[in-house]
1. Under the classification rounded if a/c is under 1.5, otherwise prolate if a/b is larger than b/c and oblate if not, where does segment 91-223 fall, given a ≥ b ≥ c as square roots of the Cα gyration tensor eigenvalues?
2. Amide H of LEU16: which non-local residues (sequence gap of 5 or more, or other chain) have their own amide H closer than 5 Å, using H built in the peptide plane?
3. May I ask which residue of ALA39, GLY109, PRO173 lies farthest towards the positive end of the charge dipole of the chain, with charges of +1 (Lys, Arg) and -1 (Asp, Glu) on Cβ and the Cα centre as origin?
4. Cut-off 20 Å, label point 7 angstrom out along Cα-to-Cβ of GLU57: give me the residues of segment 145-162 whose amide nitrogen falls inside.
5. With all protein chains present, how much of the accessible area of the chain (probe radius 1.4 Å) comes from carbon and sulfur, to the nearest whole percent?
6. With the cut-off at 1.5 for a/c, could you classify segment 28-176 from its C-alpha gyration tensor as rounded, prolate or oblate?
7. In debye, nearest 20, what is the charge dipole magnitude of the chain about its Cα centre with +1 on Lys and Arg Cβ and -1 on Asp and Glu Cβ, if you could check?
8. Would you compute, from DSSP H runs of 4+ residues alone, the mean residue ellipticity of the chain at 222 nm, taking -39500 (n - 2.57) per run and dividing by the full residue count, rounded to the nearest 500?
Amino acid sequence: MSERRHAASTSDGVVLHGISRTARSFRRMELALKDAGFATLNLDYDSRRKGLEALAEDIHPSLDHFAQSCDGSVHFVCHSMGGLLARVYLARYRPTRLGRVVMLGTPNGGSEIADRLKHLAAYRAFFGPAGQQLVTRRDAATSALLPAIDYEAGIIAGNRSVYPITSMGMPRPHDGRVSVANTRLDGMADHIVIRTSHPWLVRNKDAIAQTIAFLRDGEFTKA
């Protein structure tokens, strides 16, 4: 597992990419957070090889070291499945100085695309165990990994799709992978919809600006 580090500041951040992505996908977000005064830990992990529980164990040593090395709050910024991984991780290894959590396009209520493709051999081979945990009807074991939240979470959803065929029939509005409704989470502090698609949420300038606003103020900037 590789990682990038910057010296810790009074406001710190952990960045978790989504399934089948890498730390490179979060590079623009990482640089923007750094410019805004946040330290970052941009983690790579085997998102396609293991389930959420095992992935939480994999990222713990780096996350724990990062949390121990900084004096400020430890915030989380997560894309797609990365938000579910953060929820699993925080239920098990919550940092003492946990700050705020931003989830971008996270399928908190499951992904309708995962429902549609979960039985296909190609989907199972490519997305692995975690791909089976993205469905809207979770089994008891997966549900137990995702208890109710008791921390400040801000959720950013997209409402555009670059997948015109595979996203046909999805409840509107959606980002091509997750419906806006299924990004919502009981107990969330704030929710906002951005005019962009699922893969571009991590690079969209408005999403980046809203992420920084929530980390600083605990709410998104409304027009």
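1. Working: a/c = 2.14, a/b = 1.23, b/c = 1.74.
Here segment 91-223 falls in the oblate category.
2. For LEU16, the qualifying residues are VAL77, CYS78, HIS79.
3. Checking the options against the dipole of the chain, the answer is PRO173.
4. Inside the label zone: 145-147.
5. 50
6. Because a/c hits 1.5 or more and a/b exceeds b/c, segment 28-176 counts as prolate.
7. The calculated dipole for the chain is roughly 720 debye.
8. Calculated from helices alone, the mean residue ellipticity at 222 nm is -10500 deg cm²/dmol.
The values are calculated or read from the model by the stated rules, or taken from the named source; none is laboratory data. Small disclaimer: the values here were computed from a predicted structure and weren't measured. Note: ideal-geometry Cβ built from the backbone for every residue, glycine included; neighbour counts use all protein chains shown. Areas reflect the complete protein model, heavy atoms only, side chains present, ligands, DNA and RNA absent. Shrake-Rupley method; radii C 1.70, N 1.55, O 1.52, S 1.80 Å.
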